[in-house]
1. Where nothing but the Cβ of Lys and Arg (+1) and of Asp and Glu (-1) is charged, how large is the charge dipole of region 15-125 around its Cα centre, in debye to the nearest 20?
2. With 16 Å as the cut-off, how large is the P(r) tail for region 9-52, expressed as percent of Cα-Cα pairs?
3. Tell me the carbon and sulfur percent of the accessible area for region 61-111, rounded to whole percent, probe radius 1.4 Å.
4. Any idea how far the Cα center of region 18-44 sits from the one of region 232-246, in Å?
5. Taking only protein heavy atoms and a 1.4 Å probe, what accessible area per residue, in Å², does the chain have with all protein chains in place?
6. How big is D for region 151-207, in µm² s⁻¹ as a whole number, if Stokes-Einstein is applied with the Kirkwood radius of its Cα pairs at 20 °C and 1.002 mPa s?
7. Run through region 158-260 and list the GluC sites (Glu not before Pro) located in a DSSP loop whose Cβ has at most 12 other Cβ atoms within 10 Å.
8. Step through the residues of region 33-41 one at a time and calculate ³J(HN,Hα) from phi using the Karplus curve (6.51 cos²θ - 1.76 cosθ + 1.60, θ = phi - 60°), rounding each to whole Hz and writing x for Gly and Pro.
Amino acid sequence: MQSPIRIRRDNGIVEVIIDRPKANAIDLATSREMGLIFRDFRDDPDLRVAIISGAGEKFFSAGWDLKAAAAGDAVDGDYGVGGFGGLQELRDLNKPVICAVNGICCGGGLEIALSTDLIIAAEHATFALPEIRSGTVADAASIKLPKRIPYHIAMDMLLTGRWLDVAEAHRWGFVNEIVAADRLMDRAWEFARLLESGPPLVYAAIKEIVREAEGTTFQTAMNKITKRQFATVDALYSSEDQLEGARAFAEKRTPIWKGK
């Protein structure tokens, strides 16, 4: 049986493509497979950046597979190690993830996109949280979206299920960049190459600080940084890369990051 997920690996970058025609919807088995893929990405020291996108040009992902649900997949079933789509609840994912939205991005598909760090979208991409129309709640989006965009816009999307075109999504700030459809993956790989060349220990510290700071006060987070109570910050401050960055700056050369 062919896997619903296609993987391409090139040096420190892994590309993950959801390939479940027609809508790249995600059932429990697909979600569990995605969780294993992103867990392996997290744990592989040679991988530095991930890209996630959907196959075809119409759908990034329609989210939860309602046909699978009708056939017996429980909405509160076992989504796997990373929660729905492999990303939402994957602990300690301290590497950059880029989402390339190639079309319709709705429901759980939008929740996956919101679990990434950068969102690049094709000019025909559209976004929505239509769960309200099927009598259920967009749970992860209800937590994340009001923290990413203005509250009233987030509530509009959650309460009405209305669709946003890519220009509006960009205007509210949850899309970083709009590109032509035929340039989408090239641009995602350009972005990934840029991040691949950067300092992985710094990326890890940024991601842990940002993640942990969501649930605490500014001063508490600052105190944890200065006392080296974040594992990634402690690793960074004790690393060869920390010294290499300072030396490269002083010597006016490009640093060579080793991730240690």
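The values are calculated or read from the model by the stated rules, or taken from the named source; none is laboratory data. Predicted model only: the values in this text are computed from it and were never measured. Here the Cβ positions follow ideal geometry from the backbone for every residue, glycine too, while neighbour counts run over all protein chains shown. The protein model used for the area step is the full one, side chains on, heavy atoms only, and it has no ligands, DNA or RNA in it. Shrake-Rupley method; radii C 1.70, N 1.55, O 1.52, S 1.80 Å.
1. 180 debye
2. Here the tail beyond 16 Å accounts for 40 percent of pairs.
3. Whole-percent figure for carbon plus sulfur exposure: 53.
4. First find each Cα centre; the distance between them is then 33 Å.
5. 51 Å²
6. 153 µm²/s
7. Here the GluC sites (Glu not before Pro) that fit, given the DSSP loop and packing criteria, are Glu214, Glu251.
8. Each residue's phi maps through the Karplus curve to give 5, 4, x, 5, 4, 6, 5, 5, 4 Hz.
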